[in-house]
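The values are calculated or read from the model by the stated rules, or taken from the named source; none is laboratory data. Just so we're clear, the structure is a prediction, and the values are computed from it rather than from any experiment. Neighbour counts run over all protein chains shown; Cβ positions are idealised from the backbone, glycine included. Ligands, DNA and RNA are stripped out before the accessible areas are found, and what is left, the full protein with its side chains, is counted by its heavy atoms. Shrake-Rupley method; radii C 1.70, N 1.55, O 1.52, S 1.80 Å.
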There are 2 protein chains.
Amino acid sequence: MATMADVARLAGVSVSTVSYALSGTRPISLSTRERIEQAMLDLGYTPNAFARGLKSKRSRIIALLLPAQTASPRLSALEYILGASDHAQERGYHLMLWTAGVEAADDLAQFAGQGLVDGVLVLDVRPDDPRIQVLARAEVPFAMIGHNAEPDGLDYIATDFAHSARLAVEHLSELGHRKLGFVDAMSEVEGGDGARLGKELEEAAGRVGATMIPVAAEESVEGGRTAFAALAGADPQVSAIVVFSEHVVPGLMRAAAENGRRIPEDLSVICIDMAPHVAELTTPPMSTVGPSAVQIGQAAVDLLLRRLDGDAAPARQLLFQGELNLRGSCGPNPTTDHHPGSSTSQQRRYLQ
Amino acid sequence: MATMADVARLAGVSVSTVSYALSGTRPISLSTRERIEQAMLDLGYTPNAFARGLKSKRSRIIALLLPAQTASPRLSALEYILGASDHAQERGYHLMLWTAGVEAADDLAQFAGQGLVDGVLVLDVRPDDPRIQVLARAEVPFAMIGHNAEPDGLDYIATDFAHSARLAVEHLSELGHRKLGFVDAMSEVEGGDGARLGKELEEAAGRVGATMIPVAAEESVEGGRTAFAALAGADPQVSAIVVFSEHVVPGLMRAAAENGRRIPEDLSVICIDMAPHVAELTTPPMSTVGPSAVQIGQAAVDLLLRRLDGDAAPARQLLFQGELNLRGSCGPNPTTDHHPGSSTSQQRRYLQ
DNA sequence: CGGACCTGTCGATTCGTTTCGACTATTTCA
DNA sequence: TGAAATAGTCGAAACGAATCGACAGGTCCG
């Protein structure tokens, strides 16, 4: 590998001149700059990332912190990852993946302390997430996708669950549904995204005079089956289900079919924050509510880079509002007379 | 951030002693080592990654090169990524994501020349992939997932398509299917994975006395519809379809339903290399053939690290054999009398 | 009992950049 | 017309860790 010294020798200048020509920090005459550029081309010179990072304390690398669970990744995680990666690259940064369980706080401290990354993006933040403290203590700039219980003064970007809940419930209400189910992933932690969404759904249901029955399900095919059984057992009148866990969908749909309930004729199902590609795979294709994960990933990168550039900027907290994407899993409540009337929903969007 | 000098001062030794204590390169007395370790703990010392990389020329970072296409990622790409990332981390390496189109060869050369990464994993390699040349010229160790047209002397790991083809075709043949369709993603390049798989399917079909009609489809819902129409038009007798593109599945299944062909009663469908989570989402759940993407990701990491450690090792080329995962999208050919007989297939596995 | 050989430690140098201070030639303007 | 500013360049000193040579003291063996 060619070094700056090689370039300098070939161009007949000093090393510092090469450096200034490269960075533009000080004026360099046109003729000298051209000689240097030619020399760099001839030698195939590329600045060494380590020497640069060592001196300048900036690596132009950011890390994406994923919860470690190869076992059952949400497929929409891919959209966050790709969205963030592409966008970071466009902004001149590299994206490093760091898979670490919530328990591996020590490892994370080590990682953060190495100075390898300029900043960190934290995915799937839990209310009591210990990673946040570790990062704060290590004084590494970071931004969250989702947020913990005490997000004051921290940068984050999250889904506006109140908005999603309103869109979902109003849509179902317009279709005549009065008894709704809500299937959430079982979680050992209190107050996470599922709980927040549940609360908002409950309120939205109250506003339109509907009731909502929440069910916590294991994240598996079997869990979906169990959830369906639980809902049917709790109230056979439940005619629409809001789902917040990708993994329960297959079991839920199969259990419905096995119990003679067709979707959407006899039962409506709508998913929160499910990736479009995933939603297309079910039969019928799944109606969803939620913002684009790709966009959230991009916005998270922007948020983090803003902090890296202007250090003193006040923390910013962004809520992304989702859209209603109607595909085919929701229909009118068969047990009610349904008067469509004029729709009041504005963000609705019909897909092919 | 504390440096080695800080640790040395606190422990009352020289910097080099601290370094030797850390690396174990030279013997250090127990008492000194303990003093040093205590000092490191007190100061929360973590070695600086840049200084270390600059001196030692090793970063313990590997890159995963993805084709840039946020637009339509294969969901199983997530499994490669997570498999590789987890495994790299267990082996003490970091995983960096590099999203770059096949066209961005210059950027790639820059990236490789920085010395930032010790090695590179290349995903979705195409027959004429220019990235391979760039990496070879930059003398960066790399391993491929899939392979190009001239893989001699290069490390790679790939799906054994001959094996997958045999499993799929034999299974369909046992169910009495004689006319098979093969839906492949449309591609501007010749001789890629799809073409290889197609050839193997054709041969396997020949061996069991079946015929195979190949169709190239655009990777979209609409493409799937078109593919179904093309197959039905080419030969209405086609009773089973092998699919090699995740994105055409929804369109294909919907078109089948619209034409009154139920799966699996009237039409069998089987997918090659589709992730389990994805396969569970369809109705009926999709039968698949293929190795685990997670395992391939892990194996690719191992392959690359082997090259990083023992530089002189001869190139190794691994083919992963897939399994037949029967879920529910294949059934007996309704137009033939079907005599199940004793199965000869060995790798078959029935899932719940 | 004196070289050969360990054990344990230190100082100095090196990796490839960035950046500061210094210096020469020019230019600018009061 | 001379002081001040500016353009253009250089040398040297960091940045933080790895590593080589040196060396003091101790152990071993013939």
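Below are the figures for this structure:
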| quantity | calculated |
| --- | --- |
| Accessible area (Å², per residue) of chain B, counting only protein heavy atoms and a probe of 1.4 Å | 44 Å² |
| Of the GluC sites (Glu not before Pro) in segment B:142-241, those whose Cβ has at most 13 other Cβ within 10 Å and which sit in DSSP loop | B:188, B:190 |
| Test item: Cα-centred dipole of segment B:1-100, Lys/Arg +1 and Asp/Glu -1 on Cβ, debye | 440 debye |
| Two-site FRET efficiency, residue A:5 against residue B:186, from Cβ-Cβ distance with R₀ of 45 Å, rounded to 0.05 | 0.35 |
| Segment A:233-345: antiparallel DSSP beta bridges as a percent of all, rounded to 5 | 30 percent |
| A:208, B:125, reordered so the largest accessible area comes first (probe 1.4 Å) | A:208, B:125 |
| Inter-label distance, nm, simple model (7 Å from Cα along the C-beta direction), residue A:32/residue B:220 | 5.5 nm |
| Rounded to the nearest 10 Å², the accessible area of residue B:94 at probe 1.4 Å | 20 Å² |
| Copy-to-copy label separations for residue A:26, where each label sits 7 Å from Cα toward Cβ, in nm and ascending | 3.8 |
| Rounded FRET efficiency, nearest 0.05, which uses the C-beta distance separating residue A:203 from residue A:265 and R0 of 30 Å | 0.55 |
| Inter-copy separations for residue B:323, label at 7 Å along Cα-Cβ, nm, ascending | 4.1 |
| Over the protein assembly as shown, equivalent-ellipsoid semi-axes from the Cα gyration tensor in Å | 48, 34, 23 |
| Normalised contact order of chain B, rounded percent, pairs of Cα under 8 Å and 6 or more residues apart | 17 percent |
| Percent carbon-and-sulfur accessible area, segment A:4-47, ignoring ligands, DNA and RNA, probe 1.4 Å | 54 percent |
| Cα-based helix-to-principal-axis angle, B:193-207 vs chain B, degrees rounded to 10 | 40 degrees |
| Carbon plus sulfur fraction of accessible area for segment A:229-327, probe 1.4 Å, in percent | 51 percent |
| Whether segment B:217-347 is rounded, prolate or oblate, judged on the alpha carbon gyration tensor where a/c under 1.5 counts as rounded | prolate |
| Area of residue A:46 that stays accessible when all protein chains are in place (1.4 Å probe, Å², to 10) | 10 Å² |
| Calculated label separations, residue B:191, copies of the chain, 7 Å along the beta-carbon direction, nm | 6.1 |
| Separation of the residue B:51 and residue B:25 label points, Cα + 7 Å toward Cβ, nm | 1.4 nm |
| Sequence-distant lysines (8 or more away, or on other chains) whose Cα lies within less than 24 Å of residue A:179 | A:199 |
| Segment B:4-47 - Rg (one decimal) and Dmax (whole number), Cα, Å | 9.0, 24 |
| Tail fraction, Cα-Cα pairs, segment B:81-132, threshold 17 Å, whole percent | 42 percent |
| Proximal lysines to residue B:57, defined as alpha-carbon separation beneath 28 angstrom and excluding residues fewer than eight positions away on the same chain | A:55, A:57 |
| Unit charges at the beta carbon, dipole of chain A: most positive-side option, A:169, A:149, A:39 | A:39 |
| Nearest-ten-degree value, helix B:249-258 long axis tilted from longest Cα axis of chain B | 20 degrees |
| Charge dipole magnitude, Cβ of K and R +1, D and E -1 - segment A:4-47, Cα centre, debye nearest 20 | 160 debye |
| Residue-span extension gain [residue A:308 to residue A:257] - 0.36 nm each, minus C-alpha spacing | 13.2 nm |
| Dipole of chain A, positive end: most advanced residue of A:29, A:312, A:271 [Cβ charges, Cα centre] | A:29 |
| Orientation-averaged projected area, Cα convex hull of chain A (nm²) | 22.1 nm² |
| In nm, spacing of pseudo-spin labels at residue B:230 and residue A:229 (7 Å Cα→C-beta vector) | 4.5 nm |
| Contact surface B-A: accessible area buried, both sides summed, square angstrom, 1.4 angstrom probe | 5100 Å² |
| Other protein chain Cβ atoms within 10 Å, averaged over every residue that makes up B:217-224 | 1 |
| Residues in segment B:234-261 that, when all protein chains are in place, have 50 Å² or more less accessible area than the chain alone would give (probe 1.4 Å) | B:254 |
| Check: chain A dipole with +1 on Lys, Arg Cβ and -1 on Asp, Glu Cβ, in debye | 1080 debye |
| Residue B:133/residue A:15 FRET efficiency (R0 25 Å; Cβ-Cβ; nearest 0.05) | 0.20 |
| Threshold 30 Å² - residues in segment A:104-145 whose accessible area is reduced by that much or more when the chain is no longer isolated, probe 1.4 Å | A:110, A:113, A:114, A:116 |
